[in-house]
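Working notes, structure below.
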Amino acid sequence: MRKSIKYIKHLFSRSKIQKAVYDEDLISLLESLSLLDSVKAGYYKCEECNCKITIENIGSLFKRKNEIKFKCNKIDCMNNQ
Ligand SMILES: [Zn+2]
């Protein structure tokens, strides 16, 4: 019962994705965007609070100037648009 990665990618190309997807879908999405290894390696930081992004604390991801940005799942970071 997994969502179509193609559809998720389509959404992603248009706007940011909140983590309304199941973890499994999130991992598939990251994998399909070739981001999974980088996230696991701790390469990304939250755009708001600068904490390290992990699989567990991804709040949202979005595209800015062709770069993938992440926010963690703290309420303050999620609410800061
Ligand atoms: Zn944060």
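Read the figures in this text as sums done on the coordinates, not as results from a lab. Since the model is a prediction, treat every value here as computed from it, not as a measurement. Every residue, glycine as well, gets a Cβ built from its backbone with ideal geometry; the counts of neighbours run over all protein chains shown.
Before moving on, here are some points about what is shown:
- Trypsin sites (Lys or Arg not before Pro) lying in DSSP loop within segment 34-76, provided at most 14 other Cβ fall within 10 Å: K65
- Residues L61, L35 arranged by fewest to most Cβ contacts within 10 Å: L35, L61
- The length gained by stretching the chain between T54 and N80 to full extension, at 0.36 nm per residue less their Cα-Cα distance, is 7.4 nm.
- Qualifying chymotrypsin sites (Phe, Trp or Tyr not before Pro) in segment 41-81, where qualification requires a DSSP coil assignment and no more than 14 other C-beta atoms within 10 Å, comprise Y43.
- Simple spin-label estimate for I27 and K45 gives 2.8 nm between the two label positions (7 Å along the Cα-to-Cβ direction from each Cα).
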